[in-house]
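Notes to accompany the following structure.
Every number in this text was worked out from the coordinates using simple rules, so none of it is lab data. Just so it is clear, the model here is predicted, and its values are computed rather than measured. Cβ placement follows ideal geometry from the backbone for every residue including glycine, while neighbour counts extend to all protein chains displayed.
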Amino acid sequence: MYGMIKKFSALTRNDRARLLVYALTLFGAALRLYQLGHFSLWDGEIFTLFISSKPLPLILPALRDFGAHPPMWFLITRAFNAFGWNEWMLRAPAAFMGILALPAMYIAGKRAANSSVGLLAALLMAVAPIAVLYSQVGRMYAVILPLTALMVYALARALQTRAWLWWFALALFSALIVYNQYLSLLAVGSAYLTGGLILLAQTFAPLGRGEGLGAKSIPREFFRRTARLWASFAAFFILLAPLLPFMQKNFFQRQLAREATTALNPVAVNADFLRALFLDLAGNEWLLVLTALLIAAGLVLSLRKRDFRSLLILVAWFGLVFATVAVIHPRRFPSRYVLHLVPIYLLLTAHGIYLLGAWLGTQVARPHRARTARAFSGIAAAALVMLALAELGGMYRGVQEISRGERSTALLLNGGWRELARYLDAHAQPGDMVVYGGDGALRPPRFIAPYVSAEYQTRAHSAVTQTNAPINIWWVGVNLNNADVVNPTATNIAPLQTFGDTNLVRATRSVTMQTLPLPRALSEWDVELPSSGLALTELQAPSNAIALRAEFSAPVAARLTGPTTPVQPGQLFRLSARVRGVSEGFYDFSPALQLQFFNAQGKPLGNFAAQTLLPPDAEGWQTLVLDGAAPANAAAAQPVIAWSDYSFTYAPRVELQALQWQLEQLAP
């Protein structure tokens, strides 16, 4: 051991730094690959699988119609899952990007300050809880980490050398980060704003030294200094040009408009927002306190030297995020939206450790200054690493808080869908009913779909007995509780079972289903059709039910509404139809089957069920099933058949037949 230390000490400074970077990269890789496939997929990962599993020509249209994301990540994951998927392979690209962030942080810190800052930044990135978390999630967020670090590196090189190569590199990394995530436009704006502020400070620097600079020459000198920055920004837009038409609908019309106009309780830049954001960036309360003190110390020591770069970076990167939130007032703003702040936060922390260590070194006798500085840096880094590793232990056990700024249950890292699917597959019997409730009834059928077989789907949604026979009613939902299980008659309720964030309740009672009459002719339905773009044709019905063909010539929507029928809370129902050419969205289908519920006063209560599409037969016909139970306060329901505008792209010719509505028969 002593011999290895002696050999290490004999190496040059650059060789030692290189070996340490290799070691840190291996250490960070171990943290990111450990238990990579342990947990089942969560919300966003299932969306990744849904999009990347589509044929290559349909990936861009699918993102346009079903999401608000650019294509780069989904093309990467499609390459990884080309021969089948599992949790490990779906998350592997994110893990590799998270590993790449470590050497990227080193070169960014080294170029912006020195190799000591680079090594500290790489170490902090290796153990940062939020960085490890998103490196184990099959989403695009981990890609942001190395690209942000490379943007910082390219900007530092461009400012130091003024070489065209590095200004173009900044434009290239900026374009790539937007091709990965639209909200990374904030990172691009921050990078160019930082460069502009630093060049502006350099323009006025001669005044601080007492050198003459005429008022008329200041703008000319500023534009001379920033000419290459503007050229780089123009190159960024040229590289982004192929994405701009797609971005117009996908991001500006869909994502930003929705965030800015649908927020009933919008996010504001206040104490709660700042606490949630910085807790996520740091990892926990202790890490937040220590890193905040180190960053503050680094800022003070930098300003004492009249070095304003750290302050400008802090203002440009964090200030732009705060200004955006203040202007848009989004309905939610979790830290994953601005993961580009993580490298900046860690670089500022590393710089603070280095400057504070150097300052402490000046307070002791000269022979011990370097040793004191290194000792402080080692102690501070070790403390941060130990606290971060303790936090990571909770993440590996599935108890890590996912995002303190998330105001919905959309980010379900430990949904337990795989385990839930296996349980249902083993216990659901023909004739049982699966009812979805809790927070977001549309989620569970989509989330268990990757884990269940076609045989299970058919068995779990087979015909319900017409006689008064006992059946199991499987209530499934995120954060489902016993109060959500509404029963109109005597029912045996088994204890609630938990699968991560998802709960299951088995209710057993005798059920008789009756088939309700539905209008057979199109004229008997309340029809909402566009003036053009869709033609509905009545077909010869193979059964005593309506049969239709919908042919799209433009992306439009349509809706048929049937008669109103009295219902009671908890009353089981099934609405089903045979469809051919159906288009599958992430949470919905086209055509879609819905039941619109109303209370006793006629006020709409919404839709409280989720659809399941059964496997096709030899002729391409599939059964679309809507199973559920009438919600609390329900007094009436209307069946609805709806077509969405995305049918024009995926299923321009759709057929529907054998529509059937079954309702649980209750004693008067």
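Here are a few things to note about the model shown:
- Derived scalar couplings ³J(HN,Hα) [the stretch 83-100; Karplus, 6.51 cos²θ - 1.76 cosθ + 1.60; whole Hz; x for Gly, Pro]: 10, x, 10, 8, 4, 5, 5, 5, 8, 4, x, 5, 4, 5, 5, x, 5, 4
- Cα long-axis angle, helix 369-396 against the chain (0 to 90 degrees, to the nearest 10): 10 degrees
- For the stretch 339-353, Karplus couplings with θ = phi - 60° (6.51, -1.76, 1.60), whole Hz, Gly/Pro x: 5, 5, 6, 4, x, 5, 4, 6, 5, 5, 5, 4, 5, x, 4
- Taking every C-alpha pair closer than 8 Å and separated by at least 6 residues, the mean separation divided by the residue count of the chain gives a relative contact order of 11 percent.
- Angle of helix 56-66 to the longest C-alpha principal axis of the chain, folded into 0 to 90 degrees and rounded to 10: 80°.
- Centroid-to-centroid, using Cα positions, the stretch 585-664 and the stretch 306-364 are 49 Å apart.
- Electrostatic bookkeeping for I473 treats Lys and Arg as +1 and Asp and Glu as -1; over the other residues with beta carbon under 14 Å from its beta carbon, the sum is -1.
- Charge-dipole axis of the chain as Lys and Arg at +1 and Asp and Glu at -1 on Cβ define it, positive-most pick from V579, L185, S462: L185
- Only helical runs count toward this figure. For the chain, summing -39,500 (n - 2.57) over DSSP H runs of n ≥ 4 and dividing by all residues gives -16000 deg cm²/dmol at 222 nm.
- Length-normalised contact order for the stretch 581-668 - Cα pairs under 8 Å, 6+ apart - percent: 36 percent
- Residues in the stretch 577-591 carry Karplus couplings, in order, of 7, 8, 10, 9, x, 5, 9, 9, x, 5, 10, 9, 9, 9, x Hz; the curve used is 6.51 cos²θ - 1.76 cosθ + 1.60 with θ = phi - 60°, and Gly or Pro positions show x.
- Local electrostatic count, A163, Cβ distance below 11 Å [Lys/Arg +1, Asp/Glu -1]: +3
- For L274 and T508, the difference between the fully extended length at 0.36 nm per residue and the C-alpha to C-alpha distance is 79.4 nm.
- Across the alpha-carbon atoms of the chain, the computed radius of gyration and Dmax are 29.6, 98 angstrom.
- Coarse-grained scattering of the stretch 283-324 at q = 0.18 Å⁻¹, given as base-10 log I(q)/I(0) from a Debye sum over alpha-carbon atoms: -0.62
- On Cα atoms only, tilt of 141-161 relative to the major axis of the chain in degrees: 30 degrees
- Centre separation in Å (Cα based) which lies between the stretch 57-106 and the stretch 165-183: 17 Å
- Amide H within-cut-off set for L659, under 5 Å, with H built and near neighbours excluded: I546, R578
- Stretched out straight at 0.36 nm per residue, the stretch from A370 to W621 would grow longer than its current Cα-Cα span by 82.7 nm.
- Seen from I51, the other residues with C-beta closer than 12 Å to its C-beta sum to a net charge of +1, counting Lys and Arg as +1 and Asp and Glu as -1.
- Rounded to 5, percent antiparallel among DSSP beta bridges of the chain: 90 percent
- Checking every one of the chymotrypsin sites (Phe, Trp or Tyr not before Pro) in the stretch 73-118 against DSSP loop status and a limit of 11 other Cβ atoms within 10 Å picks out F83.
- When exposed loop sites are taken as GluC sites (Glu not before Pro) in a DSSP loop with at most 12 other Cβ atoms within 10 Å, the longest stretch of the chain clear of them is 212-618.
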